[in-house]
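Heads up, the thing below is written out as structure tokens.
The values are calculated or read from the model by the stated rules, or taken from the named source; none is laboratory data. Note that the coordinates shown come from a computational prediction; the quantities given were computed from them, not determined experimentally. Don't worry about glycine lacking a Cβ; one is built from the backbone with ideal geometry, like all the others, and counts go over all protein chains shown.
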Amino acid sequence: MKESRPSYFSMKPRVLSGIQPTGSLHIGNYLGALKNWVRMQYDYECVFCIVDLHAITLYQDPKELKQKIEQTAAIFLAAGIDPKVSSVVVQSTVKEHAELCWLLTCTTPIGWLERMTQFKDKSSKQESISDGLLQYPVLMAADILLYKANAVPVGEDQMQHLELTRDIAQRFNAMYGETFVMPETKLPTVGARVMGLDDPTKKMSKSETNPGHAISLLDEPSVIRKKIMRATTDSNPQVDLETAGPGVLNLLSIHQAFTGWTDEQVKQHFQGLRYGDLKKTVAEAVVAGLEPIQQRYLQIMAEPGYLQGVLREAAERVRPFAAETVRLVKDRMGIYTD
Ligand code: ATP
Ligand code: LTN
């Protein structure tokens with residue numbers, strides 16, 4: 001079957017990434033993913049998804065979920081995603097994500113899914129595990145392969161899922177002929193794994209409930225300062241870069257990711273500084289970095305219909321491309337296409 005390229009998609013390489021609308025986005029999501037998206041959007045053809053079908057692999061309150069989907073989309077735009085050049089899409093509004101997912105579940109061995117550390121981790125915390133939680137990475141592979149994405153900017157925790165995506169693509173190509181492009185993982189140089197402020201041995205996460213754990217992108221400056229001042233460090237009184245524990249290293253990398261300082265600048269400024277002063281400096285960098293995002297977020301949310309229009313237009317824009325991929329995949333598998 002001949003592949004056609006709907007006119008919207010240019011010859012630029014493509015990017016796809018997504019964030020679950022499962023709570024308030026935090027600085028880990030920003031530094032690990034969003035900030036990189038903003039940087040990449042002019043060099044790539046980008047699709048950024050609010051992955052609501054992923055979110056429901058764990059129970060979500062239906063009334064809250066709708067709100068969280070819109071809030072997540074608003075944060076994407078507030079962080080600097082330009083809806084004129086990038087497509088901000090609610091995953092469930094382009095039905096081909098679910099359709100391709102089903103086709104891929106039929107070529108993915110269960111053993112590959114049972115080995116995923118995120119599945120093992122999340123399922124160990126549940127009394128009853130949904131089939132969707134096991135299929136989660138196949139849906140993620142479908143998101144990526146649907147748009148034949150060349151690059152996927154994510155945080156470090158998603159590396160295993162990206163490897164699996166390549167395995168799924170390779171297996172499909174071997175079974176049915178060259179169909180999918182191999183996507184590359186793009187990690188940020190700093191901030192690929194931001195740790196919890198309350199426990200620097202755990203990744204900062206939306207679903208963690210301790211209020212001192214994460215800094216939300218919408219936290220007020222006073223809240224940000226308080227959370228950072230209370231962050232867990234270690235028993236040393238001051239920064240020693242040679243022996244610093246994970247709490248101090250986490251604060252330093254948060255600072256570096258927000259300011260763009262070089263390693264040398266970090267060393268010059270922080271070596272020997274007392275922890276109280278380190279925390280004040282980090283807090284001010286975070287407050288300054290988030291202020292413009294928070295202002296834009298309020299403006300976006302105050303404009304009736306704007307966000308809904310952006311989401312509708314983006315879905316319309318990408319649908320022909322998604323439909324074309326599903327058509328090709330079905331054709332390769334011998335499924336009836338009209
Ligand atoms: P949840 O707790 O609901 O699983 P999460 O906080 O892990 O959510 P996701 O929606 O799963 O967030 O992740 C969205 C993006 O943010 C992914 O690219 C992921 O790699 C990145 N990310 C999430 N947490 C961190 C973190 N602590 N540091 C760096 N990147 C992160
Ligand atoms: N599983 C991812 C979210 C996600 C994603 C994607 C990321 C869903 N589909 C496609 C990159 C590409 C997570 O961060 N938890």
Item to check | Qualifying residues in the stretch 179-213 (those that are among the β-branched types (Val, Ile, Thr) and farther than 21 Å from residue 20 by Cα) - the one surrounded by the most Cβ atoms within 10 Å (Cβ to Cβ) | outcome: 190
Item to check | Matching option when the condition is within 30 Å of residue 84 (Cα to Cα), hydroxyl-bearing (Ser, Thr, Tyr) and more than 21 Å from the chain's Cα centre (by Cα), among 306, 275 | outcome: 306
Checklist entry - Can we say residue 170 is surrounded by fewer than 15 Cβ atoms within 10 Å (Cβ to Cβ) and at pLDDT 95 or above? => result yes
Checklist entry - Can you pull out the residues in the stretch 281-312 that are basic (Lys, Arg) and at pLDDT below 95? => result none
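Matching residues to (1) surrounded by fewer than 15 Cβ atoms within 10 Å (Cβ to Cβ); (2) away from ligand 1 (no atom under 16 Å from the Cβ); (3) more than 20 Å from residue 20 (Cα to Cα); (4) not aliphatic (A, V, I, L, M):
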site: 137; (1), (2), (3), (4): no, no, no, yes
site: 150; (1), (2), (3), (4): no, yes, yes, yes
site: 225; (1), (2), (3), (4): no, yes, yes, yes
site: 228; (1), (2), (3), (4): no, no, yes, no
Next on the checklist: Cβ-Cβ under 7 Å, sequence separation 6+ or interchain: first residue in the stretch 176-195 and in contact (Cβ under 8 Å) with a residue 24 or more places away in the chain and more than 23 Å from residue 39 (Cα to Cα), partner within 16 Å of ligand 2 (Cβ to nearest atom) and of a type outside the set (D, E, K, R). Which pairs?
Outcome noted: 180/145; 180/169
Item to check | Hey, residue 66 more than 10 Å from ligand 2 (Cβ to nearest atom), within 26 Å of residue 128 (Cβ to Cβ) and not in a loop (DSSP other than H, G, I, E, B) or not | outcome: yes
Checklist entry - Looking only at the stretch 36-57, which residues are among the charged types (D, E, K, R) and buried (at least 21 other Cβ atoms within 10 Å of the Cβ)? => result 45, 52
Next on the checklist: Please go through the stretch 43-62 and give me each residue that is touching a strand residue (DSSP E or B) at 6+ places or on another chain (Cβ under 9 Å) and among the acidic types (Asp, Glu), ordered by number.
Outcome noted: 43, 45, 52
Checklist entry - Among the helices (runs of 4 or more DSSP H) contained in the stretch 92-206, which hold 1 or more residues that are within 16 Å of ligand 2 (Cβ to nearest atom), basic (Lys, Arg) and in contact with a helix residue (DSSP H, G or I) (Cβ under 7 Å, 6 or more places away or on another chain)? => result 117-124
Checklist entry - How do the pairs read when you match residues in the stretch 48-60 that are free of Cβ contacts under 8 Å to residues at least 40 places away in the same chain with residues anywhere that are of a type in the set (A, V, I, L, M) and more than 10 Å from ligand 2 (Cβ to nearest atom), using Cβ under 7 Å and keeping only pairs 6 or more apart or on different chains? => result 55/65
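Every residue, every condition in (1) among the basic types (Lys, Arg); (2) modelled with pLDDT under 95; (3) under 18 Å from the mean Cα position of the chain (by Cα), yes or no:
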residue: 115; (1), (2), (3): yes, no, no
residue: 122; (1), (2), (3): yes, yes, yes
residue: 133; (1), (2), (3): no, no, yes
residue: 138; (1), (2), (3): no, no, yes
residue: 146; (1), (2), (3): no, no, yes
residue: 150; (1), (2), (3): no, no, yes
residue: 160; (1), (2), (3): no, no, yes
Checklist entry - Can you find even one residue in the stretch 146-158 that is free of Cβ contacts under 8 Å to residues at least 40 places away in the same chain and not hydroxyl-bearing (Ser, Thr, Tyr)? => result yes
Checklist entry - Among the residues of the stretch 92-111, is any surrounded by fewer than 22 Cβ atoms within 10 Å (Cβ to Cβ) and within 16 Å of ligand 1 (Cβ to nearest atom)? => result yes
